[in-house]
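S.K.: Got a structure for you, questions after.
The values are calculated or read from the model by the stated rules, or taken from the named source; none is laboratory data. This structure is a prediction, so every number in the text was calculated from the model and none was measured. All Cβ positions, even for glycine, are placed from backbone atoms using ideal geometry, and neighbour counts span all protein chains on display.
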């Protein structure tokens, strides 16, 4: 499982790409793709994408109550 720092870094990279920020280097995108492509088939299924979102959500949800507060999100992106 990825540690919260790695998940935060991936999250910031993805948000930068979607928000018009600096482009993610191709080698980082390949690494992220390989991590998400759990079955190694070279494609991302809906289930694989949802699984990584769940892992990120769980890492942000510091008190594990199934909800993310603004404070938890701020703390996650700050670390």
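S.K.: Under the condition of being touching a helix residue (DSSP H, G or I) at 6+ places or on another chain (Cβ under 8 Å) and exposed (fewer than 14 other Cβ atoms within 10 Å of the Cβ), which residue from segment 52-79 is modelled with the lowest pLDDT?
M.R.: Checked segment 52-79; the qualifying residue modelled with the lowest pLDDT is 79.
S.K.: Going by the conditions given, is residue 40 in a loop (DSSP other than H, G, I, E, B), out of contact with any strand residue (DSSP E or B) (no Cβ under 7 Å at 6 or more places or on another chain), at pLDDT 70 or above and loosely packed, with under 11 Cβ neighbours inside 10 Å?
M.R.: The answer is yes for residue 40.
S.K.: I want to confirm something. Restricting to segment 15-28 and keeping residues that are out of contact with any helix residue (DSSP H, G or I) (no Cβ under 8 Å at 6 or more places or on another chain) and outside any loop (DSSP other than H, G, I, E, B), which single residue is modelled with the highest pLDDT?
M.R.: For segment 15-28, the residue satisfying everything is 27.
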